[in-house]
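Note sheet for the following structure.
Throughout, read-outs are computed from the coordinates displayed, never taken from laboratory work. What you see is a predicted model; the values in this text were computed from it and never measured. Because the Cβ atoms are built from the backbone with ideal geometry, glycine has one as well, and the counts that use them run over all protein chains shown.
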Amino acid sequence: MTVAVETGLWQLDPTASAVGLRHKTFWGLVTVKGTFTAVTGRGEVGSDGSATGTVTLDVASLDTKNAKRDTHLRSADLLDTDNHPEITFAVRGADRLDGDDVRITGRLTVRGISRPLSLTARLTSATAEALTLEAEFPVDREDFGVTWNQLGMMRGLTTVTAALRFTRAAA
């Protein structure tokens, strides 16, 4: 069943949205998981079906349930929150694929470095007042200058998961 998305402005509902990550460390033996507890965003769906918008993560809100690790993640070794407090994904376009899949294209900015990103999300629900998109995609942290890797413990890609609920914004 394909759901329709209403045109207009949409505001991210942070209480009903979640963005997380997971990365295998210690030579692939341990998976570190974290959640960004402060996520904001907005978007616009045009009458021609085009979509643009931005999702912003407060990097200091990353919580892996380990205070010492979280402090290190925020340091200049890794995410450098003092100089780069936000991660942003600027959506430049979205195209419906088969069923409820949506190809989303844009630019991901981490540590002040922007790279193009294309991913497939699933539109899991849509009404006149709310819509939910879910996605899981890999990110190569080295593309964004996150290169700290003591003793080769942090190889490979970081997986990002997102469940984003948007509600109709006031005009």
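Between Asp143, Asp63, Asp13, the GNM of the chain built on Cα springs shorter than 10 angstrom shows Asp143 fluctuating the most. Charged side chains reduced to their Cβ positions (Lys and Arg at +1, Asp and Glu at -1) give region 8-168 a dipole of some 400 debye around its Cα centre.
Charges on Cβ only, +1 for Lys and Arg, -1 for Asp and Glu, centred on the Cα centroid of the chain; of Ser114, Gly49, Thr81, which one is farthest towards the dipole's positive end? The Cα lying farthest towards the positive end belongs to Thr81. Dividing the convex hull volume of the alpha carbon atoms of region 8-168 by its residue count gives 111 Å³ per residue.
Electrostatic bookkeeping for Phe36 treats Lys and Arg as +1 and Asp and Glu as -1; over the other residues with beta carbon under 14 Å from its beta carbon, the sum is 0. Provide the FRET efficiency to the nearest 0.05 for the Arg107-Leu29 pair, computing r from the beta carbons and using R0 = 35 Å. Taking R0 as 35 Å, the efficiency between Arg107 and Leu29 is 0.55. Each label point was placed 7 Å from the Cα along the Cα-to-Cβ direction; for Arg122 and Thr7 their separation is 3.0 nm. Counting only residues at least eight positions apart within a chain, or on another chain, the aspartates and glutamates with an alpha carbon under 13 Å from that of Lys24 are Asp140. Taking every C-alpha pair closer than 8 Å and separated by at least 6 residues, the mean separation divided by the residue count of region 50-148 gives a relative contact order of 22 percent.
Here is the list for region 4-68: trypsin sites (Lys or Arg not before Pro) lying in DSSP coil, each with at most 12 other C-beta atoms within 10 angstrom of its C-beta, are Lys65.
Taking the centroid of alpha carbons for each part, region 106-142 and region 65-86 are 22 Å apart.
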